[in-house]
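What follows is a short report on a single structure.
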Amino acid sequence: MLRAGVSTRPRKEYGQHFLRDPNILEVIGRLAELGPDDVVLEIGPGEGVLTRYLAERVRRVHAIEIDRALEPALSGLADNVDLVFGDALRIELPPDATKLVANLPYNVATPLVVESLDGLPNVRLWCVMVQREVADRFFAEPGTKAYGAVSVLVQLAAERTGFHAVSRSVFRPQPNVDSALVAFERTSLPEDYAQLKRVVEAAFAHRRKKLANSVELSGLTSRDEAVRALAAIARPPATRAEELSPPEFVALTRALR
């Protein structure tokens, strides 16, 4: 249920768009497969609409909010909610979280998801509200415009279990872009994921460049070494990052050792 009586003006610098339609909560609950033993991490609780819904259905909610001005709106939360004010990209996130369920602030959604893949190994399911184009990137196919570093990293760690396009009218204020709920479940994490992440990010860092040039410009390795590694996975020197599938990036990382 929406909580009346406390209303806060969303702050543009934090990418805030507060949930205002309670009907979307049931969709979130279904895609997140909420259960009484879940420990949920919510980043950007805003006015606490989703927070209160989660608290009634799971064992514990860790809510992290950057905006202190929202403290009055977040007062009176249930006893099973741990509320922390801080920047989720800078503070230590709760290691016991088993699910990440959130209406993520638009301006930090991608780095938060990427960092949680290996930074929160106990999280086994994500259900996040993000910009539609970001949701599309998570599971984009190689060779498409949407395919990028986040596509590779998410697909190597998880598989999509749900998707729901969301009307702009469920938010206050209404955003200028479309949004979507996307749910995905952890599969496994490739070995040496930290190095794999460095390779993937370097490969896509200079999108207009060929992969070998991009990794050299990023300082990861020399162009010659990159060409040698591409040959080891049966790819030509002129290969671009968006041509490689996620498993090929795993093979490329091994070849670069």
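Return the long-range amide H neighbours of Ser179 (sequence gap of 5 or more, or a different chain), with a cut-off of under 5 Å between placed amide H atoms.
Distant-sequence amide H within range of Ser179: Arg132, Val166.
5 Å is the cut-off here: which amide hydrogens, built 1.01 Å from N in the peptide plane, fall below it relative to Ile233, excluding neighbours closer than 5 in sequence?
The answer is none.
At 1.4 Å probe radius, can you tell me the per residue accessible area of segment 31-188 in Å²?
Working: 6420 Å² over 158 residues.
For segment 31-188, the solvent-accessible area averages 41 Å² per residue.
Return one whole number: the accessible area per residue of segment 192-240 in Å², for a 1.4 Å probe. Present the calculation step by step, with values, prior to reporting the outcome.
Numbers: 2570 Å² over 49 residues.
Using a 1.4 Å probe on heavy atoms only, each residue of segment 192-240 averages 52 Å².
Where nothing but the Cβ of Lys and Arg (+1) and of Asp and Glu (-1) is charged, how large is the charge dipole of the chain around its Cα centre, in debye to the nearest 20?
Numbers: 33 positive and 34 negative charges, 157 e Å.
Value, rounded to 20: 760 debye.
Quick one: 3J(HN,Hα) in Hz for segment 162-179, Karplus 6.51/-1.76/1.60 with θ = phi - 60°, rounded, Gly and Pro as x.
x, 8, 8, 5, 10, 5, 5, 6, 7, 10, 10, x, 5, x, 8, 10, 6, 10
Within 10 Å of each candidate Cβ there may be at most 16 other Cβ atoms; applying that plus a DSSP loop requirement, which GluC sites (Glu not before Pro) in segment 15-107 survive? Working shown, then result.
Values: sites: Glu26, Glu33, Glu42, Glu47, Glu56, Glu65, Glu92; in loops: Glu33, Glu47, Glu56, Glu92.
Answer by residue number: Glu33, Glu56, Glu92.
Just how large is the dipole of segment 107-233 about the Cα centre, in debye to the nearest 20, putting +1 at every Lys and Arg Cβ and -1 at every Asp and Glu Cβ? Before the final figure, lay out each step's value.
Details: 16 positive and 14 negative charges, 86 e Å.
In debye, rounded to 20, segment 107-233 gives about 420.
Which net charge results when you count Lys and Arg as +1 and Asp and Glu as -1 among the other residues whose beta-carbon is under 10 Å from that of Val250?
Summing Lys and Arg as +1 and Asp and Glu as -1 gives -2.
Assuming a ≥ b ≥ c are the square roots of the Cα gyration tensor eigenvalues, decide whether segment 82-180 counts as rounded (a/c under 1.5), prolate (otherwise, with a/b larger than b/c) or oblate. List each step's numbers first, then the result.
Working: a/c = 1.78, a/b = 1.11, b/c = 1.60.
Oblate shape, in that a/c is at least 1.5 and b/c is the bigger or equal ratio.
In deg cm²/dmol, rounded to 500, what helix-only [θ] at 222 nm does the chain give when every DSSP H run of at least 4 residues adds -39500 (n - 2.57) and the total is split over its residues? The partial results should precede the final answer.
On the way: 9 runs with 81 residues, N = 257.
It lands at -9000 deg cm²/dmol.
Nearest 10 degrees is fine. How inclined is helix 193-204 to the longest principal axis of the chain, computing both from alpha carbons?
Helix 193-204 sits roughly 70 degrees off the main axis of the chain.
Measure off, as a whole percent, the carbon and sulfur share of the 1.4 Å-probe accessible area of segment 60-162, all protein chains present. Before the final figure, lay out each step's value.
Numbers: 2000 of 4260 Å².
Carbon-and-sulfur percentage of accessible area, whole number: 47.
Could you derive backbone 3J(HN,Hα) for segment 71-79 from the dihedral phi with the Karplus parameters 6.51, -1.76 and 1.60 (θ = phi - 60°), listing whole Hz in sequence and x where the residue is Gly or Pro?
Here the 3J(HN,Hα) series is 4, x, 5, 9, 6, x, 6, 5, 5 Hz.
The values are calculated or read from the model by the stated rules, or taken from the named source; none is laboratory data. Just so it is clear, the model here is predicted, and its values are computed rather than measured. So basically every Cβ, Gly included, is an ideal-geometry build from the backbone, and we count neighbours across all protein chains shown. The protein model used for the area step is the full one, side chains on, heavy atoms only, and it has no ligands, DNA or RNA in it. Shrake-Rupley method; radii C 1.70, N 1.55, O 1.52, S 1.80 Å.
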